[in-house]
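K.L.:
What follows is a single structure, and I will ask about it in a moment.
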Amino acid sequence: MYCRWMGNADTLDISEIFYSLQGESSLAGKPCLFVRLAGCDLRCAWCDTPYAFSGGSSMTLAQVMEEVEKYPVKLVELTGGEPLMQENSLKLMELLLAAGRQVMLETGGHRSIARVDRRVKIIYDIKCPGSGMSERNRWMNLVLLKPEDEIKFVISSQEDYRWAVGIMERYSLAGGREIHFSPVSGRIDPRDVAAWILRDGLPVRLQLQLHRILWGSERGR
């Protein structure tokens, strides 16, 4: 079934594969299988998965697919780290789609999404200044997003909030697409972000990390 991708170079560095509930996006609360790829070329100040910056275990595409098939779930998300650092993440998404899976990709937004299969639902993370990585945003990607893709701003301060509102206005991001404002746990009170959203009547969704509420920082959740 997977022979067309087999070969010495058809490997991925995998940090972990785990079955949990989707903790973010409009699909929050749904059972989901996560394939976390190792490696990231960003260093966001609030990153909650620094263990995925490097390392991981080398797996062939066939091995990853065999692992995926052990779980009774259609929804699969590629996350990281930064999945698009690895060329074979594109091949893995194609294999998952061919196997009848609903595929999501969470990306930091600093690498091109031009070659991502159009059937993949992209969760696109625009880096606010509080991350320390806002200069890495790849703005040309925004024109490639589909209506069903979703945008996330991780908010660590009122300055981040104001910046995100400005970006929404500058790039006309509102208008049908799901946009999430996600407060950084321990750095800002979610009630403050909620109050600002209500005050300004923003067409966004306050996003709390369901997995963190349920399981804290437990790895593989």
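The values are calculated or read from the model by the stated rules, or taken from the named source; none is laboratory data. Being a predicted model, the structure only gives us computed values, none of them experimental. In this analysis, Cβ positions are derived from the backbone assuming ideal geometry, glycine residues included, and neighbour counts consider all displayed protein chains.
K.L.:
Is there a residue being at pLDDT below 95 and under 17 Å from the mean Cα position of the chain (by Cα) anywhere in segment 160-180?
P.N.:
yes
K.L.:
Something else: Can you confirm whether R205 is surrounded by 14 or more Cβ atoms within 10 Å (Cβ to Cβ) and under 28 Å from S20 (Cβ atoms)?
P.N.:
Yes, satisfied.
K.L.:
Right, here's the next one. Before we move on, is R36 outside any loop (DSSP other than H, G, I, E, B), at pLDDT 95 or above and within 15 Å of L90 (Cα to Cα)?
P.N.:
yes
K.L.:
What do you reckon, is S182 of a type in the set (G, A, S), closer than 21 Å to C40 by Cβ, in contact with a helix residue (DSSP H, G or I) (Cβ under 8 Å, 6 or more places away or on another chain) and buried (at least 18 other Cβ atoms within 10 Å of the Cβ)?
P.N.:
No, not satisfied.
K.L.:
Could you please tell me which pairs satisfy a Cβ distance under 7 Å, a separation of 6+ or placement on different chains, a first residue in segment 109-124 that is at positive phi, and a second residue that is not basic (K, R)?
P.N.:
So the pair list comes out as G109/Y124; G109/D125; G109/I126; G109/N137; G109/N141.
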